[in-house]
Amino acid sequence: SEISKLLYYATMPLGLLQTWTLEIKDHIATIAQVEKARDLPAQPRNRVKGIDWDQLAQRARQKQVHKTDNNAYGFDNDRWLRETQGRFQPQKPGESDSLFLFRIMNSAEWTDLLILCEVLRELGAKPVFIGRPFKGAYYDAVGVSREARKYFYEKLHTLLEPFGFPVVDFQEREEDKYFGVDQFPHTSRSGWVYVNRVLDDFFHDRNPVQ
């Protein structure tokens with residue numbers, strides 16, 4: 001009603017005044033706390049403990065194995081049932097190579113990646129590119145051979161090499177069926193341990209361990 005609107009606008013300045021008052025009190029209290037802290041003795045920094053990556057990998061793998069026990073390819077159980085099982089059609093070895101290679105060769109994303117690298121170089125950025133491996137057993141089963149899959153890794157390195165950006169593709173983990181949760185593959189809890197280790201090494205200027 002009109003009366004309610006009039007009352008609202010009439011009391012608004014009081015509400016704003018109260019808000020400003022509370023904000024000023026907060027600022028004063030914060031400044032007082034900072035000044036008090038100046039007189040405290042400096043506390044020794046705790047040494048950062050090293051990360052036991054092997055232990056983390058073992059624990060994550062155990063959980064991943066438990067979550068992937070309804071299929072032979074290391075897919076998360078729910079993804080296998082919901083997204084893959086009904087469409088899974090085994091093929092003869094190498095039968096799908098030509099289509100796979102055609103899609104890889106003609107993917108527009110290579111141009112996108114090239115533009116990204118150009119921009120990063122112009123900005124003076126120093127990135128690390130982290131790829132994901134194909135699920136070897138699954139791609140073998142659907143007719144995409146190891147030789148065809150190798151073309152992808154080679155093309156990736158060929159594109160990135162002129163820029164000098166480090167790349168970790170995890171190609172050697174193709175046979176680790178627990179690295180990803182599906183055929184793309186999105187990274188599993190087990191795979192993330194290895195990815196995080198690469199990021200940790202990169203952050204600390206160490207050579208990444210794949």
* Cβ-Cβ below 6 Å, separation at least six or inter-chain, first residue in the range 105-122 and within 14 Å of L156 (Cβ to Cβ), second at pLDDT below 95 and not in a loop (DSSP other than H, G, I, E, B): which pairs? -> none
* Would you pick out the residues in the range 70-90 that are part of a loop (DSSP other than H, G, I, E, B) and surrounded by 14 or more Cβ atoms within 10 Å (Cβ to Cβ)? -> N71, Y73, G74, F75, D76, F88
* Select from the range 167-192 the residues that are under 12 Å from the mean Cα position of the chain (by Cα) and more than 15 Å from E83 (Cα to Cα) and list them in ascending order. => T187, S188, R189, G191, W192
* Scan the range 178-186 and give yes if some residue there is under 30 Å from T68 (Cβ atoms), among the aromatic types (F, W, Y) and modelled with pLDDT under 95, otherwise no. => yes
* Structure fact -> Within the range 38-68, restricting to residues that are surrounded by 10 or more Cβ atoms within 10 Å (Cβ to Cβ) and assigned to a loop (DSSP other than H, G, I, E, B), the one that is modelled with the lowest pLDDT is I51
* Asked: Just checking, how many residues over the range 98-144 are of a type in the set (K, R) and open to solvent by less than 60 Å² (accessible area, probe 1.4 Å)?
  -> 1
* Of the numbered conditions (1) under 20 Å from W53 (Cα atoms); (2) without any contact (Cβ under 8 Å) to a residue 40 or more places away in the chain, S190 satisfies every one except a single condition; which is it? -> (2)
* To do: Could you tell me which of the residues G74, G86 is within 21 Å of R173 (Cα to Cα), modelled with pLDDT of 85 or more and not aromatic (F, W, Y)?
  => G74
* Give the range 180-207 a look and list any residue that's in a loop (DSSP other than H, G, I, E, B), open to solvent by less than 60 Å² (accessible area, probe 1.4 Å) and in contact with a strand residue (DSSP E or B) (Cβ under 7 Å, 6 or more places away or on another chain), or say none. => S188
* Wholly enclosed helices (runs of 4 or more DSSP H) of the range 93-177 bearing at least 2 residues acidic (D, E) -> 109-123, 146-160
* Are there any pairs, at least 6 apart or on different chains, whose C-beta atoms fall under 7 Å, with the first in the range 139-156 and polar (S, T, N, Q) and the second open to solvent by 10 Å² or more (accessible area, probe 1.4 Å) and outside any helix (DSSP H, G or I), and if so, which? -> S145/P93; S145/G94
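The values are calculated or read from the model by the stated rules, or taken from the named source; none is laboratory data. If you're wondering where the values come from, they're calculated on a predicted model, not measured in any experiment. Counting neighbours? That spans all protein chains shown, and the Cβs are built from the backbone with ideal geometry, glycine included. For the accessible areas, the whole protein counts, side chains as well, though only heavy atoms, and no ligand, DNA or RNA atoms are used. Shrake-Rupley method; radii C 1.70, N 1.55, O 1.52, S 1.80 Å.
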